[in-house]
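I have placed the structure first, in the form of structure tokens, so that the comments after it can refer back to it.
The values are calculated or read from the model by the stated rules, or taken from the named source; none is laboratory data. These figures come from a predicted structure and were not determined experimentally. As a convention, Cβ positions derive from the backbone with ideal geometry for all residues, glycine included, and neighbour counts pool all protein chains shown.
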Amino acid sequence: MTKPKTLDQLRAEKERAETQLAQEQHKLERLENRKKYLEKGERTKRTHRLCNLGGTIESLAPEVKDLTRTEMTELMEHIFSDLEGGPGNSISSLSIPSTSRGGPVPFSSLMNSVSASC
């Protein structure tokens with residue numbers, strides 16, 4: 001048979017359990033903070049990438065600055081639907097048109113062709 005524990009033994013056991021509980025709660029808090037940090041990092045990377053892409057588009061075609069979100073979406077859908085097989089194909093098959101001098105076609109010409117085909 002087990003001997004009944006004394007009051008001092010029970011108090012010591014309670015104190016150990018409370019200490020362990022506090023340690024585990026602190027460990028959980030650290031893990032939650034780490035998770036938030038990592039998730040925020042992914043959002044930050046995505047935001048940075050999207051801003052760079054948007055900046056590139058604006059530098060190549062300044063006219064897009066004046067487009068609404070809907071107009072920009074329609075333009076992108078049109079551009080990507082021109083890929084062989086329609087939307088959803090790989091961008092690696094995208095060819096950029098060029099002028100007879102070898103430079104890119106002015107954006108206004110692209111916009112006119114998009115407007116004409118819509």
* If you go through region 66-78, how many residues are assigned to a helix (DSSP H, G or I) and either surrounded by 10 or more Cβ atoms within 10 Å (Cβ to Cβ) or acidic (Asp, Glu) (or both)? -> 9
* When you go through 48, 26 one by one, which is the residue that is assigned to a helix (DSSP H, G or I) and at pLDDT 95 or above? -> 26
